[in-house]
1. Using 0.36 nm per residue of separation minus the Cα-Cα distance, give me the extension gain between residue 475 and residue 981 in nm, one decimal.
2. Could you check the spin-label model distance between residue 881 and residue 824? Points 7 Å from the Cα along Cα→Cβ, value in nm.
3. Computed over the Cα atoms of region 51-230, what is the ratio Rg over Rh, Rh following Kirkwood?
4. How much of the DSSP bridge set in region 964-1088 is antiparallel, in percent, rounded to the nearest 5?
5. Taking the radius of gyration and the Kirkwood hydrodynamic radius from Cα positions alone, what is the Rg/Rh ratio for region 468-541, to two decimal places?
6. So how much slack lies between residue 546 and residue 534, counting 0.36 nm per residue of separation and subtracting their Cα-Cα distance, in nm?
7. Could you give the nm distance between label points at residue 1007 and residue 812, where each point is 7 Å from its Cα heading toward the beta carbon?
8. Using the scaling law 2.2 N^0.38 Å as the reference, what is the normalised Cα Rg of region 961-1031?
């Protein structure tokens, strides 16, 4: 019977307070779901990636050789223990023409067993001219199946050395497990970045050897990638592969060298035969040239004798010709002078006639211009007068409406003053009287309220004394005395009298409230009468003001218009006046010019007549000299004909001789040319053979490069993102769960304390402590277990799905979201939740069950009110009204509720701050790292075999670039770092710039905390902050660089801000001192002037063409990739923030619900005293609002501290996150918390309305 009754009581307690049960259920469900869901996200990410890799048979190991790989290498690898499958393949990077640009394409052969391509459309390639293209690249550049790709090598070697065809037809689109995100890797051609991949059939390649061999490890498929089990298994097999590398590399090297030496020997034999044949042909040609030279010498002697006889005859003819030439010269001089005189005379006559004509035309033109100018001046004067008249007319038209409006307004103002001003003043006086009466009533009501409060306190005190005295008398009737009966009657009488006085005061208050309402109605009527009069008066004043403003504006506009017109006409008027003056001056100048010109033309006519007479006399003298010269010319001509005939015969003989000599010279040149060509060809061939021998000697030994999946683009980053989720899951959910557990603990403790009367009754009825405690333990177990199961079922599916979906935005080619239940996290969360609630319940039950039933059946004594600290600050306290004073006292009266509310809401606020802060800290690192710290544009990686000449060529090319601003060489090498010689090591990049001062143009060394700028010193190094924190060192400490007995001790001068990777910066002087040699610079930092991304890419393409350049990277590209990767965390952060917000809402609702339940009698008393529902709600809201404000302040402080802890905990090895929380994050968290508080207050309003005054104030008895 007892068990049945207790069981019914158990179920009744759930039905009577479903809100409490559901609040525990929901809080536990939120905590467990968030804890198990976030913690499960990390293994779910690994499982999802592993599923895709297994389906596509992604390689476990990749082997590459510096001299290529053969079938013998494939066979050797197949015999290694632990290799399940091996397959050789080919690949090459090529440039693909896309519109006006060239993109780098990584072209690989298809495989039967590994790296299976997933087709989205089309089919796999066949033959040597088909390909499957990267589906992302196709979509981005508009390619379709059937299109053709135009390819080129990007180097001096033709692409056909690697591929059989330079054009490929697209037959399919797909994705590869080697590329799960947008990154496609780097290249040595183009701009250094691979834009896409293409898959072709193996027969499309023209290569004799494999470029890589892919391996699948036996048993790896059963392991989950990104786990220690998988990594250890692959590492073990990798070591076995590396163990056979030396033998196989020697075999491959000897194979290549022996083949090359045999080809060289064959070439040397062919060269020796060619040398012997060339020597015989050259000796025969030399004898033929010597015979022809002797014949040409004999012919030349005969020609020289004939030339001597001709020379004597020519000398005599020359003497006679000189005499004749002198005479002809005198004649020609006279003739030329005569012609010149005639020409000059004709020119002067023409000039005089032309001058007369031009002068007459010019005078006519000037007279016409003067007339036109006169007309223009008259027209300008008319326009000026018209503009002034037009302006005055327009201003008069604009002023007319303003004058009419002013006259109308003055009439209305006079009418109002005479008719309505007195009425308005009377109403104002009446209003003041009513207000005075209303203030009096309000003062009386306030006094009555004060009396009511005092009387109520007296009545409550008397009631307590009556109840205590009755209880004592009932407990021990034998000890009752007359004095006790008299005291009881006296107290009862006083209590009744107090109740009558309370009733009287209440009636008086109601009467005053009625009078107050009547006065308020009268005031309302007066206000309604005053309102239209004030509105009319205000309208008139407004119209007056508006009209005055319009009149002022018109006057300003009129003045401005007149001034503007005057300014506009000032220049035309001045031009008109100057034009009139110039016109008069022009007329006078024209008359004077006419008179002077006519006088000059008359003098010219007289001079021309005298010159004509002198020319006629000279013509007769020249005619006589011409006849004498003609006779001498005929005699000399006869002698010249005889000489000419003799010269012709000699010239013919000389020409024949010249032809023979030219033919001989041509033959000799041809002989020399052929001889030189033959010797050069033979020498070149010998040099090539010698070079080939040297190259064979210099062939470096074959070297194998064995890599695991970490070499794939984005494979490692996916694992690092899983690690980030693990780091977040190890910290954030614990904080979340802690708040949820704290509120659950509070709820169960309050429940036990609230039902102390029932516990006392059950004890009095004979129930044992175990049975009574079992009820509450079962209540807590049922709510917690139900919430845990619900949270696990929902959380381990919802949270991992949302997080993996957000990462799929970046890792677009991971098709699966695999989210199995991780039961270990479910058990862990459920166990923690049960432990918190059950232990709290047990403690509360133990505390209550230790008391006697009689004590438990009485309600606990109310907490005594105490003066609070604020009451001592009279300046503030005396200005607070009764309700505010009461609210403030209640806050500090219930200290447990105060601190639990602060802890609950403040904790949720802190969680939201942490969520927003994580996003701020993560999203800022790309911008700070590559725009504030590393401020260069790109880095050139030099090959290990680069020569000084090649480096100089690269520098010359950079100097010749228009956009190139500056560059600097630097040695960058990965070095171990440790705190002691035999201590554990970490890896850092040792950076040694060629100039420690110039490097500051490319990097900023500064303190993150203070902003202090550092400089590289010769007595120590600068270490980046994350590594300094890892090693727990600071400025002035000593570290060691290197390992295996090569450690170098250095002092840390400064610790600088840095977010990506770990660096040690050292001066070249210190490097030389430590290592005894100059730094070997293997990279070049460069910076362009205001260059766009395209210009930066073009510069990189140009630099990659030079020998010695291994790769070029760009900081903007790295920053974009980093931001893209970090943006995938946005949705994860949103999940954290939303979850914290939901927890905040549930916490607020639960605490408010408990608060109202515990204070039902207090709130019911307020209703009895006449408080309206809104007043009672405001009474509670004030406390909630103040608690929310206190919680926000605590949450800001706690959030800042938690953020610092969380952000350092979730960092991965090579990355340091920021430490700054933006002020907007604090604001958003505070606004969300405030919004949740206001919403809960609105929900609680209806609960407050439902409080029944009679039921709540019933006595416990």
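1. Numbers: separation 506, 0.36 × 506 = 182.16 nm, distance 8.50 nm.
Result: 173.7 nm gained on full extension.
2. 6.2 nm
3. Rg/Rh for region 51-230 comes to 0.97.
4. Taking every DSSP beta bridge within region 964-1088, about 75 percent pair in antiparallel fashion.
5. On the way: Rg = 28.7 Å, Rh = 17.7 Å.
When Rh is taken as the Kirkwood radius, the ratio is 1.62.
6. Details: separation 12, 0.36 × 12 = 4.32 nm, distance 1.78 nm.
The span from residue 546 to residue 534 would gain 2.5 nm if fully extended.
7. The two pseudo-label positions are separated by 4.6 nm.
8. 1.33
All of the numbers you see were taken from the coordinates with simple rules; none came from a lab. This is a predicted model, so every value here is computed, not measured. Glycine gets a Cβ as well: all are built from the backbone with ideal geometry, and neighbour counts include every protein chain shown.
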